[in-house]
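The values are calculated or read from the model by the stated rules, or taken from the named source; none is laboratory data. Note that the structure is predicted; figures quoted are calculated from it, not measured. Heads up, the Cβs are rebuilt from the backbone with ideal geometry, glycines too, and the neighbour counts pull from every protein chain shown.
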Amino acid sequence: MNRPYNFSAGPAAMPEEVLAEAAAEMLDWHGSGMGVMEMSHRGKEFGQIAGEAEADLRELLAVPQNFKLLFMQGGGLAENAIVPLNLSRGGTVDFVVTGSWSQKSAQEAARYCTTHEAANTQARGFTTLANPASWQLSEHPAYVHICSNETINGVEYQTLPDLKALGCDAPLVIDFSSHVASRPVDWRRVGLAFGGAQKNLGPAGLTLVVVRDDLLDRALPICPSAFSYKTVADNDSMYNTPPTYSIYIAGLVFKWLKRQGGMAVMEARNIAKAELLYGAIDSSSLYVNRVEKHCRSRMNVPFYLRDEALNDAFLVGAKERGLLQLKGHKSVGGMRASIYNALPLEGVQALVAYLRDFEAQHA
Ligand SMILES: *Cc1c(COP(=O)(O)O)cnc(C)c1O
């Protein structure tokens, strides 16, 4: 089957091999006589699936032993509440606002704690990152929150900030929903990372939290038990029924990532894909990406047609060529190509060929 290339920002394209494996195992997982979504989460079959998923992810992302991996529900937006409920201790939390997602995180946290904006790049159209040396951190923040890849604005930290070097010993919290598993993570700089699965790990419904163990036991008394990191960790992510099928599919994705060669190989591929696409945009006179080069996202590439009257024709033509879901987020308009792990180089090559043909036709 020749499937189109899917540039959706999320839920997003999955590796075809994984979909085929899941289809083959749908009625009977490994001779158990059950499909995975029919299994008890406490049975030995699902125990094996969840255990391998966790071990594979820990290996892939090189997560140190003093961090817990939690499989939760609620998505990135729920974590915007769950993180302050667990970590704010009634104190002040610092936010670095660099786009729609970090802005949303700060707004939600304000319901549970005092928030402080250490930096905000909105006046520059969310097209850049503030240098950490310029951040106005508060005296003793409970933690500092960043969105390490802004999915809508297309802005990505190429290195994580080093809070210690800034004289701040608070933990760094990163929302890495849309670039998790696209590159290695420097865990020395991170206290907690969270992400919804539906961008780069698997199906919606699963939320990954990676949290340093000294941060587990700080929840406010009003924190729901099912969202207390300590409770979830003490119960190996099975305090409540976890999203079993999503964990299973994500587990197949982790095995696929290992077969590809792990994070070093994926990062190299993602760099090659991003360079090809940004190069095509920059060298054209029809398309434009407004993000500063040093912080352009490798995963989410927003771009505009200089003649916006051509937007509909562009999308119709793209679909005819098997290039799906290129419409930009409604809040910013234009186009967006999300080029996560599962989108191969050939997909970017096909998009670049279309960009050139469309431009030639409309010159
Ligand atoms: C998609 C996304 C979210 C929201 O995820 P939901 O699962 O819809 O709650 C949060 N943060 C970032 C960076 C995202 O890309």
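Residue count for segment 52-92, restricted to those that are within 19 Å of residue 170 (Cα to Cα) and within 12 Å of the ligand (Cβ to nearest atom): 5. Just one residue in the set 196, 167 is within 26 Å of residue 16 (Cα to Cα) and not aromatic (Phe, Trp, Tyr); that residue is 196.
Give, as residue ranges, the strands (runs of 3 or more DSSP E) completely inside segment 155-229 that count at least 1 residues that are crowded, with 16+ Cβ neighbours inside 10 Å and away from the ligand (no atom under 15 Å from the Cβ). First the steps, then the outcome.
Details: elements: 172-175, 192-196, 207-212.
Answer list for segment 155-229: 172-175, 207-212.
State whether the residues of segment 263-286 include one that is in a strand (DSSP E or B) and either touching a residue at least 60 places away in the same chain (Cβ under 8 Å) or on the phi < 0 side of the Ramachandran plot (or both). No: zero hits. Return a yes/no flag: does segment 99-119 have any residue that is away from the ligand (no atom under 16 Å from the Cβ), of a type in the set (D, E, K, R) and buried (at least 22 other Cβ atoms within 10 Å of the Cβ). No, segment 99-119 has no match at all.
Cβ-Cβ distances below 6 Å connect no pair with a first residue in segment 155-171 that is within 24 Å of residue 296 (Cβ to Cβ), a second residue that is surrounded by fewer than 12 Cβ atoms within 10 Å (Cβ to Cβ) and among the aliphatic types (A, V, I, L, M), and a separation of six or more residues or different chains. Taking the criterion of being among the hydrophobic types (A, V, I, L, M, F, W, C), assigned by TED's automatic domain parsing to the domain that holds residue 174 and closer than 22 Å to residue 161 by Cβ, would at least one residue in segment 217-231 satisfy it? Among the residues of segment 217-231, not one is among the hydrophobic types (A, V, I, L, M, F, W, C), assigned by TED's automatic domain parsing to the domain that holds residue 174 and closer than 22 Å to residue 161 by Cβ, which makes the answer no. Only residues that are more than 16 Å from the ligand (Cβ to nearest atom) and either out of contact with any Leu (no Cβ under 7 Å at 6 or more places or on another chain) or under 19 Å from residue 207 (Cα atoms) (or both): list them for segment 1-13, please. Across segment 1-13, the qualifying residues are 1, 2, 3.
Restricting attention to segment 55-64, the residues that are over 17 Å from the mean Cα position of the chain (by Cα) and free of Cβ contacts under 8 Å to residues at least 60 places away in the same chain add up to 1.
Here is a check on your reading of the model: is residue 333 of a type in the set (Gly, Ala, Ser), surrounded by fewer than 16 Cβ atoms within 10 Å (Cβ to Cβ), within 26 Å of residue 101 (Cβ to Cβ) and without any contact (Cβ under 8 Å) to a residue 40 or more places away in the chain? Step through it out loud before you land on a result.
Values: of a type in the set (Gly, Ala, Ser): yes; surrounded by fewer than 16 Cβ atoms within 10 Å (Cβ to Cβ): yes; within 26 Å of residue 101 (Cβ to Cβ): yes; without any contact (Cβ under 8 Å) to a residue 40 or more places away in the chain: yes.
So residue 333 fits the description; yes.
Residues that are within 24 Å of residue 329 (Cβ to Cβ), touching a residue at least 60 places away in the same chain (Cβ under 8 Å) and small (Gly, Ala, Ser) within segment 84-119 comprise 100, 102, 105, listed in sequence order.
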